[in-house]
1. Name the strands (runs of 3 or more DSSP E) wholly inside region 1-69 in which the number of residues that are in contact with a Lys or Arg (Cβ under 6 Å, 6 or more places away or on another chain) and open to solvent by less than 10 Å² (accessible area, probe 1.4 Å) is 1 or more.
2. Quick check, is L88 in a helix (DSSP H, G or I) and touching a strand residue (DSSP E or B) at 6+ places or on another chain (Cβ under 9 Å)?
3. In region 95-134, which residue that is farther than 12 Å from T84 by Cα and charged (D, E, K, R) is surrounded by the fewest Cβ atoms within 10 Å (Cβ to Cβ)?
4. Step by step: first the residues of region 150-173, then only those that are assigned to a helix (DSSP H, G or I) and open to solvent by less than 30 Å² (accessible area, probe 1.4 Å), then the one that is nearest to P112 (Cα to Cα). Which residue is that?
5. Filter region 177-193 for residues that are assigned to a loop (DSSP other than H, G, I, E, B) and at pLDDT below 95 and give the result.
Amino acid sequence: MDFLCGIRGKDFVLVCSDTSAVQSIVTMKQDEDKLVPVDSHKLFAISGEAGDRVNFSEYIIANVRLYALRNGQQLSTKAVANFTRSELATALRKSPYHTNLLMAGFDEGSGPALYWCDYLATLHRMNICGTGYGSYFVLSMFDKLWHPNLTEAEALEMMRKGVEEVKSRLVVAPPKYLVKVIDAKGIRTLGEL
């Protein structure tokens, strides 16, 4: 039931997730933040079973911070995405995590990056991406509206249209969605849709 989506712009990445925590047919809370910061310029948008989602994201974040402490430098967004994929692939053969995620970040020199990774450890760099039932309604719209020089205002309007589409068409649509942006200044919350 989770819904995540992301849009990479010219100098930023915009990500959105629903805020519902559900178990089977029961909604437990409506204020779950599934957009988890990895460091000051990277975040995971993560979905799946609550235990797997929290344990896996905390494990990756702790290892990324450990690397930074040991080596005196931050990993790039690409490096964190590939490390995440490697850990999911290793766990797949032992005790798999049932989680899908988007990795968004901004690096000096290379700019914004957006990666999509599923529970089978498939990793792709994307301009637009989504996961969950809501993505069936927004991906074609995002693909049509996306262009390389996309501004933050245009991306936010795309996201707003996408969330409206999900709310109006998906039977089990969550009521609230959280939007964050990652750019040269770091991670900022833009609010709820």
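1. Values: elements: 4-8, 12-18, 21-23, 26-29, 35-39, 42-48.
Filter on region 1-69 gives 12-18, 35-39, 42-48.
2. Values: in a helix (DSSP H, G or I): yes; touching a strand residue (DSSP E or B) at 6+ places or on another chain (Cβ under 9 Å): yes.
For L88, the condition - in a helix (DSSP H, G or I) and touching a strand residue (DSSP E or B) at 6+ places or on another chain (Cβ under 9 Å) - is met.
3. E108
4. Quick first cut of region 150-173, residues assigned to a helix (DSSP H, G or I) only: 152-169.
So of that shortlist, the ones also open to solvent by less than 30 Å² (accessible area, probe 1.4 Å) come out as 155, 158-159, 162-163, 166.
Numbers: A155: 14, M158: 18, M159: 17, G162: 21, V163: 23, V166: 26 Å.
Across region 150-173, the extreme among qualifying residues is A155.
5. L193
The values are calculated or read from the model by the stated rules, or taken from the named source; none is laboratory data. In this text the structure is predicted, and so the values were computed from the model without any measurement. In this analysis, Cβ positions are derived from the backbone assuming ideal geometry, glycine residues included, and neighbour counts consider all displayed protein chains. SASA here: full protein model, heavy atoms, side chains in, ligands and nucleic acids out. Shrake-Rupley method; radii C 1.70, N 1.55, O 1.52, S 1.80 Å.
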